[in-house]
Every structure is written in C-alpha cells, then in structure tokens.
Amino acid sequence: MKLCGICRLEKVESMEKILDLISKKVMDAFEGCGYEASYGKVGISNRPDLCEYQCNGAMAGAKKYKKAPIMIANDVVAVLKEDPMFDEIVAVNPGFINIRVAGDFVAEYLNGMQADERLSVEKAAEPKTIMIDYGGANVAKPLHVGHLRSAIIGESIKRIGRFVGHKVIGDVHLGDWGLQMGLIITEVKERQPELVYFDESYEGEYPEEAPFTISELEEIYPTASGKSKVDEAFREAALEATAKLQSGVRGYRALWQQILNVSIADLKKNYGNLNVEFDLWKKESDAQPYIPEMVEEMKEKGYAYMDQGALIVDVAKESDTKEVPPCIILKSDGAALYTTTDLATIIERRKLFDPDEIIYVVDKRQEMHFIQVFRCARKTGLVKEDTGLKFLGFGTMNGKDGKPFKTREGGVMRLEHLIADINEEMFRKITENHEVDEAEARETAKLVGLSAIKYGDLSNQASKDYVFDLDKFTIVRGQYEVRIFFTQSVAIKSVLNQDIYARGGQIGRKRD
C-alpha cells in the first residue's frame with residue numbers, strides 16, 4: 001500500500017476532515033504555481049458521475065492573473081498529478097479541476113479514524129438539548145413502509161447527535177386523538193354493546209385485559225372509517241363518542257387507554273425489529289391541556305382573529321415567493337386541528353425540556369404545514385428567539401415501478417411484512433446450495449436484512465424519492481460471503497462527504 005504521509009498515526013489525537021486535507025493540498029499547489037492559495041479551495045462535486053471533488057478557483061483567478069482559466073488549472077494539475085492522494089486529477093474546460101481520491105488514501109484515513117476511540121469525531125464545544133420528532137405512527141393502525149424512512153433517518157440523527165455530545169431526546173409523537181378514536185370506540189360498541197365501558201353509571205374498576213387483540217383493532221378502524229363515509233348515523237355516533245372521550249367520560253377514557261396499551265405494545269415490537277428506540281412515547285392527547293390557554297393568549301395579544309368562523313393567525317411574509325396560507329388554530333365548529341396540536345406540543349416541550357432545537361423528520365410533502373407552524377410559533381412567542389425549529393423532509397420509498405412501495409395486490413405493505421419478506425429472502429440466498437446451521441443462517445439473515453433496509457435508505461439523499469431494490473442490496477456469494485457494500489460504503493461516504501447531518505433528512509404525521 002502506498003502511504004500518503006498524512007494519516008500515518010499510531011494514535012490519533014485530532015484528525016482534520018478529509019475535505020480540508022484535500023483543500024490544503026490543492027491550495028499549496030496554487031501557491032506553489034504563483035497564484036493566491038485561497039483559489040485552491042475544494043468542494044464536493046455536484047456531478048458525482050464525473051468526479052468526487054472539484055475546484056473552481058482557476059476561473060475565479062483568471063481576471064486577476066490575466067490568464068485563461070484552463071491554463072491556471074493545467075499549471076496546478078501538473079504539480080499534483082503524481083501525488084498519491086489522488087487517483088485522478090484533471091483540468092477540464094473552461095477551467096474546472098476534477099478530483100478523485102485514491103483508495104489507499106481513503107483506507108489510510110479510515111485506519112487513522114479507527115485508531116481513535118471516538119473515530120476522530122470531536123465533541124460539540126457547546127452541547128445542546130435537541131428534541132427529534134420522528135416516527136409519527138397512529139394508534140390502532142399497523143406500521144407500513146411509509147413509516148420506514150422517518151424511523152431510520154430520525155434514529156440515525158439521534159445517534160449522531162448523541163455521539164458528538166448533545167443531549168438528544170427522541171419522541172415518537174403518536175396520533176391518538178380526534179375522530180379516529182371516536183370511530184374505533186363506536187365500532188367496538190356496535191360489536192360488543194355489553195362491555196362495561198359503555199355503562200356510564202358504572203363506578204367499579206375496569207378490566208385489565210383489553211376487549212380486542214391488535215389484529216382485531218387494526219381491522220376495526222378501517223371498517224369504522226368506511227362506515228362513516230356512507231352511514232350518517234354512524235358518523236354522528238362517532239362524533240358523539242369523540243366528544244365524550246375528550247370531555248372525560250370515564251368509560252370512554254378507560255377504553256381509549258386500552259386502545260393505547262395494545263397499540264403501543266405492538267408498535268414497540270415493530271420499531272424494535274428496526275433497532276429503533278424512542279425516549280418518549282408522547283401523544284397528541286398530551287398536548288390537549290395546553291390548547292385552551294394558548295388560544296386565549298393568541299386572542300388577547302391580537303395574533304389570532306376570526307375569519308369565516310375560523311380562528312386564524314396570519315403567517316405570510318412580504319418576501320414570500322409563493323402563497324403561505326394563514327395558520328388555522330380552530331375550525332368554525334371550535335374543533336382543534338393538527339396544526340393546533342403541533343403548536344401546543346411545542347409549548348409542552350418548552351415547559352418540560354426547554355430544548356435549544358426541535359427537529360421534525362417528516363415526509364417532505366408536509367413542508368407547508370411546518371412553515372405555517374414554525375412561523376406561528378415564532379410570531380406568537382411560543383418559543384424563544386434562539387430556539388431552532390427545523391424540518392427535515394424526506395422523499396418516498398418507491399418500488400421498481402417508481403411508485404410508492406406496495407404489495408403485489410396493490411395495497412400499502414405493512415412494515416413487519418416487508419421485514420419478514422427480506423429476512424426470508426436473505427435466508428433463502430444464504431442457504432441456497434449450501435449446508436448451514438439453520439438457526440445461525442436465520443440470525444445472519446436477520447442481521448443482513450436489517451442492514452440492507454437501512455443501507456437502502458441512508459445511501460440516498462433524504463429529500464429525494466428512491467427505489468428500494470432488495471436484490472441490489474442482498475446479493476449472496478458463497479456460504480456466508482454476503483455481497484452487501486453497506487459497511488464500506490457508509491463509512492467511506494460519511495468520511496468523504498462529512499455532511500451526514502445536513503443530508504439526514506408524511507408519513508404517519510397527518511392524522512385522519
């Protein structure tokens with residue numbers, strides 16, 4: 001192996017970023033050729049099909065040195081073309097310097113990182129308290145593939161933040177309030193009217209065991225939702241049940257708690273299969289006590305006003321290049337909205353944790369919603385001026401047809417079924433034409449399958465839609481030689497780009 005002489009350290013105390021090392025090398029070359037060193041600053045290429053890094057300084061210096069940019073670029077390349085740091089460095093018209101780094105250089109850099117117990121990652125000089133809102137599942141509904149990206153990206157950002165020294169709190173932010181609960185309760189009442197929860201004169205203890213399983217519960221909601229669209233009496237009953245729940249009717253609250261218990265137990269199991277853990281299992285209902293005071297304060301301070309029966313806050317700015325609608329706080333019937341709950345949740349988070357920053361990892365199609373929420377929160381003083389509110393929008397996970405990933409029957413695939421299918425496919429490939437221990441093969445299949453899922457997601461820019469192709473990430477050769485490039489690729493990409501946080505980022509957040 002050729003050694004570049006930069007990373008040859010037995011014990012790494014402090015390592016420069018790889019991009020800074022490359023820039024320093026090119027800047028020295030510019031200076032050595034008689035040009036100002038600052039023109040040699042290198043950036044990540046926006047054309048990865050052509051090169052990994054790029055320097056455009058030759059064009060910037062052309063006027064000063066009265067020289068064609070390509071001539072300046074050629075001078076610099078002539079100095080660097082034999083440098084072992086580079087696999088390829090070329091001057092391209094009208095004056096770009098395109099760079100590919102040598103594999104030996106990258107390997108040596110990674111070995112230097114490995115010699116450091118912190119992998120050369122410095123601790124944050126000023127640690128922050130950061131809350132990450134990700135997951136966004138609804139109770140009484142199964143997780144599906146649309147929840148995958150939020151879980152994987154959010155968990156990754158949480159771990160990165162902790163590793164650099166921040167206090168990071170992950171919150172699943174469950175949807176457990178509103179008409180969906182009334183629909184479920186009404187359907188349960190139609191099926192089991194004898195349940196004690198519906199006897200409003202009952203004063204005893206309610207059963208510890210839920211009157212339904214998770215499988216039954218997951219069938220109840222779509223059935224109730226379908227009925228409400230064609231049966232006006234059923235819908236009215238569901239609205240009444242919702243009102244009773246939210247007003248605190250004892251039996252309805254007890255049944256609601258059973259729905260939560262059964263749902264959360266199943267969600268924890270499924271998130272656990274992804275190795276995703278939340279610090280908080282907060283719910284929309286937790287924010288409800290903050291809404292009345294919030295609404296009154298917005299009215300008293302003149303931020304909120306009535307418009308066609310609804311209570312709204314204007315959040316548009318003169319500098320907007322596209323329309324930003326008003327933030328609706330209460331509907332004309334006085335009901336709170338998803339926006340209202342998100343604003344109240346910000347209040348709760350400030351009171352309980354006083355975070356320096358709140359990050360929302362949500363489908364990019366909800367960007368306008370969060371623009372409205374963030375502007376309203378700042379305008380009305382719900383957060384301190386220096387509190388960061390960030391929206392990390394991600395694209396959809398698509399099938400090979402370029403459309404959102406679905407089952408062969410055309411429905412949305414449940415997440416546990418996707419994981420099971422991947423594990424089974426990996427097991428098949430591992431055991432194909434080989435005699436192996438079944439238990440060990442299944443454990444290997446589970447590990448590699450999960451790695452394939454996460455690599456399939458994180459190897460793509462978060463904001464972009466991407467095609468999940470299982471075959472691409474789970475090619476097996478030999479008895480246990482699994483040809484998945486996630487280990488090398490993720491490590492190298494992390495080092496080369498040094499921008500995981502920026503790229504780290506609706507599914508499950510829009511309540512119905």
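The values are calculated or read from the model by the stated rules, or taken from the named source; none is laboratory data. If you're wondering where the values come from, they're calculated on a predicted model, not measured in any experiment. Using ideal geometry, Cβ is built from the backbone for each residue, glycine included, and neighbour counts are taken over all protein chains shown. Ligands, DNA and RNA are excluded from the accessible area calculation, which covers all protein heavy atoms including side chains. Shrake-Rupley method; radii C 1.70, N 1.55, O 1.52, S 1.80 Å.
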- Quick one: how many Å² of ASP231 are accessible to a 1.4 Å probe, rounded to 10? 70 Å²
- Item | Label assignment, Cα extents along the principal axes in Å derived from the structure, set (i) 77, 57, 41; (ii) 90, 70, 42; (iii) 68, 55, 48 | (ii)
- HN-Hα couplings for segment 335-348 via Karplus (6.51, -1.76, 1.60; θ = phi - 60°), in whole Hz with x for Gly/Pro, come out as 6, 6, 10, 4, 4, 4, 5, 5, 5, 5, 5, 4, 4, 4
- Message: At R0 = 30 Å, how high is the FRET efficiency between LYS269 and ASP116 if r is their beta carbon distance? Nearest 0.05 is fine.
- Response: 0.25
- Message: Taking amide H atoms as placed 1.01 Å from N in the peptide plane, list the residues 5 or more away in sequence, or in a different chain, whose amide H sits under 5 Å from that of ILE329.
- Response: LEU311, ILE312, VAL313
- Note on the structure: For ASP469, ASP171, the accessible-area ranking with a 1.4 Å probe, largest leading, is ASP469, ASP171
- Message: I'd like the accessible area for PHE468, computed on protein heavy atoms only with a 1.4 Å probe and all protein chains in place. Round to 10 Å², please.
- Response: 10 Å²
- Along Cα→Cβ, 7 Å out, is where each label goes; now give me the distance between the ones at GLU200 and GLU82 in nm to one decimal. 9.2 nm
- Query: Got a sec? What order do ILE160, ILE291 fall in by accessible area at 1.4 Å, biggest, i.e. largest, first?
  - Reply: ILE160, ILE291
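Please give the charge dipole size of the chain, origin at the Cα centre, charges +1 on K and R Cβ atoms and -1 on D and E Cβ atoms. Round to the nearest 20 debye. Mind dumping the intermediate values first?
Details: 69 positive and 83 negative charges, 376 e Å.
With Lys and Arg at +1 and Asp and Glu at -1, about 1800 debye.
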- Work out the FRET efficiency for GLU277 and ASP28 from their Cβ-Cβ distance, taking R0 = 60 Å, and round it to the nearest 0.05. 0.80
- Pseudo-spin-label distance ASN433 to ALA335, built 7 Å along Cα→Cβ, given in nm, is 6.0 nm
- With every protein chain in place, the accessible area of CYS33 for a 1.4 Å probe, in Å² rounded to the nearest 10, comes to 40 Å²
- Once label points are set 7 Å from the Cα along Cα→Cβ at both LYS123 and ALA68, what is their separation, rounded to one decimal in nm? 5.5 nm
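Counting only helical runs of four or more DSSP H residues, what would the 222 nm mean residue ellipticity of the chain come to if each run contributes -39,500 (n - 2.57) and the total is spread over all its residues?
Numbers: 18 runs with 235 residues, N = 512.
That comes out to -14500 deg cm²/dmol.
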- Item | Signed unit charges on C-beta, dipole axis of the chain, positive-most listed residue ILE132, ASN270, LEU195 | ILE132
- To the nearest 0.05, how large is the calculated FRET efficiency for ASP49 and GLU318 if R₀ is 51 Å and r is the Cβ-Cβ distance? 0.80
- Message: I need the phi-derived Karplus couplings for segment 138-148: 6.51 cos²θ - 1.76 cosθ + 1.60, θ = phi - 60°, integer Hz, Gly and Pro marked x.
- Response: 9, 5, 6, 10, x, 5, 10, 4, x, 7, 5
- Estimated vicinal HN-Hα couplings, Hz - segment 370-379 in sequence order (Karplus 6.51, -1.76, 1.60; Gly, Pro = x): 6, 4, 5, 4, 5, 5, 5, 4, 6, 4
- For segment 88-152 the trypsin sites (Lys or Arg not before Pro) that pass both the DSSP coil test and the at-most-13 other-Cβ-within-10 Å test are ARG118, LYS123
- Provide the gained length on full extension for the span ASP386 to ASN261, in nm with one decimal, where the gain is 0.36 nm per separating residue minus the Cα-Cα distance. 41.3 nm
